[in-house]
Amino acid sequence: MPGRADDDLAQFLERVVLPSGWRVLHEPTVESTNDLAREAARRNWPDRSVFVTDYQTRGRGRHGRVWLCPPRAGLLMSVLLRRRTAPAYTFTMLAAVALCEAIERLLGLEPAIKWPNDVLIDGKKVSGVLAEATDDGREQVVVVGIGVNVNLDAADLADLPTATTLSLEAGVPVHRGELLALLLERFDSWLTRDPRQFADGLWRAWNGRLWGRDQTVRVQDGQELLIATVLGGDRDGTLLVRLTDGTERRIVAGELLL
Ligand code: BTN
């Protein structure tokens, strides 16, 4: 239930019942949960291992950026997935969709996905996903890092006009543990579907929540800054836009600007 300040994630994790096959390791402080998960992959940690922390000293974002979050104010976690045949981009889609579903269910808010996988509420970023494919020496492993602004103060966001936090949007403190439990339940629900239903259903759920559809937005595509209308997301995770001269373009590795 929302409305309760979250002050002990470790204690919550001792009593929570996770979906079958999942395990969570909580560390109070780490450099980066993605690095922790990659290291665990090398030490043979199994599929569906989750690494969560209260504070990161070297949190990483996409495009080489840093991911900063005050102690205990965010949900900072990485999911290790192995022996999965779907392409890596599927798992960033999965993270964004599962997080939207968890936020909808826990808080009744209406999140949107800013391509490729940022989660926005009311046009402001509340979460980002950093998925990294790695090789543990024997097989492909995907580490899906998720950072969610949960209980930041307005002061923490003063220099971040395009960011928000769940507590501000919901009007109540949000329990990080409850959000984590719901998020893993949604991950599990998707991952236990049959592979064809998984890929198709996931794409539909992702595409249906895409932010900016039919709107004019700014797109950074390599060195080019484009003004374009969002047409939708394709099944391979790319974004289709229409430029002001009427031509269509597929964005593979760019960024939509807020
Ligand atoms: C982005 O929007 O640029 C992605 C941010 C991803 C941040 C999360 S926090 C948990 C995990 N560990 C990291 O170092 N990064 C990801």
>> Under 20 °C and 1.002 mPa s, how fast does the chain diffuse according to Stokes-Einstein, given a Kirkwood radius computed over C-alpha pairs? Answer in µm²/s, whole number.
In response: 115 µm²/s
> For region 3-104, what is the percent of antiparallel DSSP beta bridges, rounded to the nearest 5?
Replying inline: 45 percent
> Say a paramagnetic label sat at a point 7 Å from the Cα of Gln140, along Cα to Cβ; which residues of region 66-83 have their backbone N under 20 Å from it?
Replying inline: 79-83
> Each residue of region 72-87 in order: what ³J(HN,Hα) in whole Hz does its phi give by Karplus 6.51 cos²θ - 1.76 cosθ + 1.60, θ = phi - 60°, with x for Gly and Pro?
Replying inline: 6, 9, x, 9, 10, 8, 9, 10, 9, 10, 9, 6, 10, 8, 5, x
> Within region 197-223, what residues put their amide N at less than 13 Å from the label point 7 Å along the Cα-to-Cβ vector of Ala86?
Replying inline: 197-207
> For the chain, what does -39500 (n - 2.57) per DSSP helix run (n ≥ 4), summed and divided by total residues, give at 222 nm, in deg cm²/dmol to the nearest 500?
Replying inline: -8500 deg cm²/dmol
> In Å, the Kirkwood hydrodynamic radius of region 1-133 over pairs of distinct alpha carbons?
Replying inline: 15.8 Å
>> For region 216-257, I need the span (max minus min coordinate) of the C-alpha atoms along each principal axis, in Å, sorted largest to smallest.
In response: 24, 20, 14
> Of all DSSP beta bridges located in the chain, what percent are antiparallel, nearest 5?
Replying inline: 85 percent
> Out of residues 5 or more away from Ala131 or on other chains, whose amide H comes under 5 Å of its own, with H placed 1.01 Å from N in the peptide plane?
Replying inline: Gly145
> Between Asp159 and Leu109, 0.36 nm times their residue separation minus their Cα-Cα distance comes to what?
Replying inline: 15.6 nm
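Only the coordinates and a few stated rules stand behind these numbers; no lab work does. Note that the coordinates shown come from a computational prediction; the quantities given were computed from them, not determined experimentally. Please note: Cβ atoms are built from the backbone with ideal geometry, for glycine as well, and neighbour counts cover all protein chains shown.
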